[in-house]
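Notes for the one structure printed next.
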Amino acid sequence: MLALDRVPTDDLVRVRRHLHRRPELSMVEHETAAFVADELGKLGLDEIRTGIGKTGVLGTLVGGKPGPVTLLRADMDALPIVELVEAEYRSERSGVMHACGHDGHVSILLAAARTLAERRAEIPGTLVFCFQPGEEGSAGNRFMIEDGALENPHVDRTFALHLYSGLDVGKIGVRDGAFFASADEYTLTIKGKGGHGAMPQLAVDPIVASSYFVTMLQTIVSREIAAKDAAVFTVGKFSAGTTFNVIPDEATLMGTVRCFDASVRASMPERMERIVRGLGEAMRVDYDLDYHWSYPPTVNDRETNEVVREVGRAVLGADDVVEHDIVMWAEDMSFMQEQRPGAYFIVGARGGDATAFPHHNARFDIDERALDVGYAMMTALGLRG
Ligand SMILES: [Zn+2]
Ligand SMILES: [Zn+2]
C-alpha cells in the first residue's frame, strides 16, 4: 500500500510506454537522452548537464534545507532483441527492445524529479538525478564517473533501483553487502597443430585439449573456492574446426566469470591460467588467455541501505520490504558504489504469468503498478535527508 498521496500513475505509464516503443541500444541513447533533458528542462532545476559519459544526463536540484548530496540513478538503454510481447506499446524498432525494464526506470525517475522539484523547499540537501547510458555491458556508469558525475556537487551517497520480474509487484527487495555479482569475461585460444582426422598422432588436437579445459575449469568453483563464496564459471562459446575429418589448428572458448567477493574475483585469472598452463604441458598445446575485467560486484552500504528499509516500511509497509537473496546478474552502478556509499534495491514487477518472464527474454514485460512503487520510493528517498 502506498502512503504517498499523489501517485502520477497515468504519467508513469505514458512515459514508460513512449520509451518502450522507441528503445535505443547502449551508448546511442540519443533520443532518450534528449527526451530526458527536455522533461527535466520543464522542472526549473538548478543545473542540467548533458553528454555526460557520451549520452548521460544529470539534473541538479538544490533543496531548501541543509543536507547531503544524494544521487538518484536510472539507466536508459535497451537490448538487441526482437520483441515478442503483443502489446500496443511494443517496440517500433525491429531488433531493439526494452527487455530489462530500463524504460520503467527512466519513467520513475522523471516522475520523481518532477514531484521533488515541486517540493524543493522540503528537501534536505541536494539531489542529482542521474540518467545513465550503456548499462547493458558498456559500463556507461564508469564513463559518467570519468566525466565528473560524482563531482560539482560532490555526491555523498547514491540510490538506485531495478524493476524485477522475479519478485511480486508491491514489494521491494533489499540486501546488505554484495547484492549483484561481478561480471568479467575471458577469451581463451587453445593452439594445437592441425592434421588429418584419421592420423591424430601427427597432429596436436586442440578440441580434445579444450574439452578437458572446460571440465577442469569447473573445479575452480567446486574445489578451490569456499562454498559460502558463490561463483560461476561459464563457457558460453566453444568454436573449432570446419569438417568431419580435419583436426583444426585452434579452438576458441569465450565465457563469463561471476562472483561476489572482491578477493575471490581478483584471484580468478591466475587460477584459470594455472589450469590452462598445466593443460598445455600435459597435452602439448599452447594458449592465449585474454581476461577482461568488466563489472565489479554491487555492494550495498549498510547505513545507506537502512535508509531504504526505513523509507520502504513507511511507504509500502513492513511486510513489503523483503530481505532478498543475492542476484547473479551484474550492474555497472557498482562503479559508483565503489566510490560512494550506495544502496541498490529491487522493485517487484511480477503481477502474473505475463510479467514473470526473465529479464532479457523477448517476452519480458512488467506489471506497470511497479512504476508507482518505484516512484514512491525514489520520491521518499529524495525527501529524506
Ligand atoms: Zn539487463
Ligand atoms: Zn537492467
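Values quoted throughout were computed directly from the atomic coordinates according to the rules given, and no laboratory measurement underlies them. Note that the coordinates shown come from a computational prediction; the quantities given were computed from them, not determined experimentally. Counting neighbours? That spans all protein chains shown, and the Cβs are built from the backbone with ideal geometry, glycine included.
The table that follows gives values for the structure above.
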read-out	value
Filtered GluC sites (Glu not before Pro), region 80-165: DSSP coil and at most 12 other beta carbons within 10 Å	GLU86, GLU88, GLU92, GLU151
Partners for LYS193 among lysines (Cα-Cα distance below 29 Å; same-chain residues under 8 apart left out)	LYS237
Efficiency of FRET from Cβ geometry, ILE48 and TYR291, R₀ 30 Å, rounded to 0.05	0.15
Whether region 1-72 is rounded, prolate or oblate, judged on the alpha carbon gyration tensor where a/c under 1.5 counts as rounded	oblate
Net +/- balance of residues flanking LEU289 in space, Cβ distance below 10 Å, scoring K and R +1, D and E -1	-2
Tensor-based shape of region 249-317 (alpha-carbon gyration tensor, a/c under 1.5 rounded, otherwise prolate or oblate)	prolate
Residue of PRO23, PRO341, PRO358 that the Gaussian network model of the chain assigns the largest fluctuation, springs spanning Cα pairs under 10 Å	PRO358
Cα centroid separation - region 187-253 against region 40-76, whole Å	49
Pairwise FRET efficiency - SER267 versus ASP176, Cβ, R0 = 30 Å, nearest 0.05	0.80
Full-extension gain in nm, GLU310 to THR243, via 0.36 nm per residue minus C-alpha separation	17.9 nm
Overall form of region 296-385 per C-alpha gyration tensor (a/c, 1.5; a/b vs b/c)	oblate
Helix-only CD estimate at 222 nm, as mean residue ellipticity for the chain, using -39500 (n - 2.57) per DSSP H run (n ≥ 4)	-10000 deg cm²/dmol
